[in-house]
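Heads up: the structure comes next, in C-alpha cells.
Each reported figure results from applying straightforward, stated rules to the coordinates on display, with no laboratory input. Nothing here was measured: the structure is a model prediction, and the numbers come from that model. Because the Cβ atoms are built from the backbone with ideal geometry, glycine has one as well, and the counts that use them run over all protein chains shown.
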Amino acid sequence: MALAARRVERLTHLAARIGQAGGEALPIEADVTEEAQAAGMVQRVVRESGRLDMLLCVAGVGVAAPFQNTTTAEYRQMVDVNILGLLYPIHAALPVMKQQGDGHIVIVSSGTGRYIHPSTVYSGTKHAASAIAESLRREIGKDFIRVTSIEPGAVKTEFTAHMRADVRTAVEQRLGDMEQLTSGDVAGAILYAVTQPRHVNVNILTLYPTQQA
Ligand SMILES: NC(=O)c1ccc[n+]([C@@H]2O[C@H](COP(=O)([O-])OP(=O)(O)OC[C@H]3O[C@@H](n4cnc5c(N)ncnc54)[C@H](OP(=O)(O)O)[C@@H]3O)[C@@H](O)[C@H]2O)c1
C-alpha cells in the first residue's frame, strides 16, 4: 500500500502505525495538482510493487460558502485540487490498469456532489467529481476496471480547519452538535465497495450522518 499527500511527515507517522499493526505502507510526498508529481506517485508504486490494484482519490479542499462569499483564489484552489488533482492521478493510473486487465478507481466525492448544500463552488467541483466517476465507469468497465464514487455528508476531519475563519464558524454553527460521520465510517463504505467480486461494480455510495438533512 502507498500513502500520498504533501505533508510527508504525517504519512511517515501513519505508515509506522500501519507497520505496527502488521501492514506495510509506502509514504510518498506528492501534490496531486502537479501533473508530474501525480504521475511520479503512480510510477513509484508500480516500480516498487509491480502492480496498481486500486487508486483511491481522497485529496480535496472545500470552502463551504455561498458563491458571493468565496474568493477567486479559493475557486482556483478547489478546481485545482478537487478536479485536476483527480484527473492527473487517474490519467497516470489507467494505462497500468489496462495493461493488468483489472483495477479499481475510488473517488471520494461528496453528498454535495449530488445534492445541493450552501457551498456553490465546492459543490460544483464535487458534481464534476461524481460525473467524472460515472462517465469513466461507463468508459472503462469493459476493461474490467471498476469505478466507485463515495459521497459522504459531514465527516469529522480537519476539513473545516482549512476554511477561512468566518466560513468555518458558519459551517460549525450549521452542524451544531450533530453527530457527524467518522473517517472510519467512510473507510467502511470504501471497504465494502472494493471487496466485491470482480464482476460487481459499486457505482455510488452515499452516506450521511443520520441527523443531517
Ligand atoms: N469532511 C467532510 O465533511 C467531507 C464530506 C464529504 C466529502 N469530503 C471529501 O473527503 C475528502 C477528504 O477530506 P477530509 O474531510 O479528510 O479533509 P482533510 O482532513 O482536510 O484531508 C484532506 C486530505 O487531502 C490531502 N490533500 C489536500 N490537498 C492536496 C494536494 N494538493 N495534493 C495531495 N494531497 C492533498 C491532505 O494532505 P496534505 O495537506 O498533507 O497534502 C489531506 O490528507 C475530500 O475530497 C473532501 O472533499 C469531506
Report the dimensions of region 41-162 along its three principal axes from the alpha-carbon atoms, largest first, rounded to Å. 46, 27, 26
Work out, step by step, the length gained on full extension between V46 and T71: first 0.36 nm times the residue separation, then minus their alpha carbon distance; give nm to one decimal. 5.1 nm
For region 17-52, which trypsin sites (Lys or Arg not before Pro) are both in a DSSP coil and crowded by at most 16 other Cβ atoms within 10 Å? R51
By per-residue mean of other Cβ atoms within 10 Å, what is the highest-first order of 81-93, 56-68? 81-93, 56-68
Which lysines have a Cα lying under 16 Å from the Cα of K98, excluding residues fewer than 8 positions away in the same chain? K142
Find how much the distance from E35 to K98 grows on full extension, using 0.36 nm per residue of separation minus their present alpha carbon separation; answer in nm with one decimal. 20.7 nm
The base-10 log of I(q)/I(0) that the Debye equation returns for the chain at q = 0.09 Å⁻¹, one scatterer per C-alpha, is -0.36
Quick one: longest stretch of the chain between exposed loop GluC sites (Glu not before Pro), exposed meaning at most 14 other C-beta atoms within 10 Å and loop per DSSP? 25-157
Distance in nm between pseudo-label sites at K142 and T182 (7 Å out along the Cβ direction from Cα): 4.4 nm
Post the alpha-carbon centroid distance, region 1-21 to region 88-147, in whole angstrom. 24 Å
